[in-house]
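In what follows, a structure is listed as structure tokens, so that the remarks can point back to it.
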Amino acid sequence: MPLRKRTKKVKKDDKGKKEADKKTTKKGDENSNNGNITLQDAVKNKVKETKIADFIFKSGKKFYVQISAHRAFDTAEKLAKELKKKGYKSFVMKIKKSGVAGEDGVWYRVRVGPFDKEEKAREVNNTLNPKLKNRERKKIDESHRNVF
């Protein structure tokens, strides 16, 4: 009697398979604890945002703080992971910039958020953005110079 090869029948539900694949291979799921960082493609997802202040952006009803921008994803990802270890909800946003000499091309922005309130975003911004601190310090120094 010949041996028969056993085969398992698989449903041909491409949509279900694709969804299952996305769940298992999605890099940077915010709910996972494996240290991956979410990469948000702002061009593809057509992210609409408004700049509220230096390094603070509003998208919908949420606020975000930009920490830095890099040409290389690896550099941005490293910083985002460091921020995540410190307890911040960080992610990397991929953007395509054009029209500004020397800044054309793809950039990876490191951001923290979302925050429900603008005040919380401002507080985090003051804590994490050394550029802002230096600017504020310079303004204070200049104002004191005029007093004396």
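Some notes on this structure:
- Scanning the stretch 115-131 for residues that are buried (at least 18 other Cβ atoms within 10 Å of the Cβ) and under 17 Å from K58 (Cβ atoms), we see that the one that is modelled with the lowest pLDDT is N129.
- Of all the residues in the stretch 81-105, those that are of a type in the set (G, A, S) and farther than 21 Å from K44 by Cα number 3.
- Elements of type strands (runs of 3 or more DSSP E) in the stretch 19-113, at least 3 residues being buried (at least 16 other Cβ atoms within 10 Å of the Cβ) and either of a type in the set (F, W, Y) or at pLDDT 90 or above (or both): 56-59, 62-70, 90-97
- In the set V65, V110, only one residue is under 16 Å from N129 (Cα atoms), of a type in the set (A, V, I, L, M) and within 9 Å of the chain's Cα centre (by Cα); that residue is V110.
- Qualifying positions in the stretch 66-102 - touching a strand residue (DSSP E or B) at 6+ places or on another chain (Cβ under 9 Å) and of a type in the set (A, V, I, L, M): I67, A69, A72, A76, L79, A80, L83, V92, M93, I95
The values are calculated or read from the model by the stated rules, or taken from the named source; none is laboratory data. Predicted model only: the values in this text are computed from it and were never measured. Backbone-built Cβ (ideal geometry, glycine too); neighbour counts: all protein chains shown.
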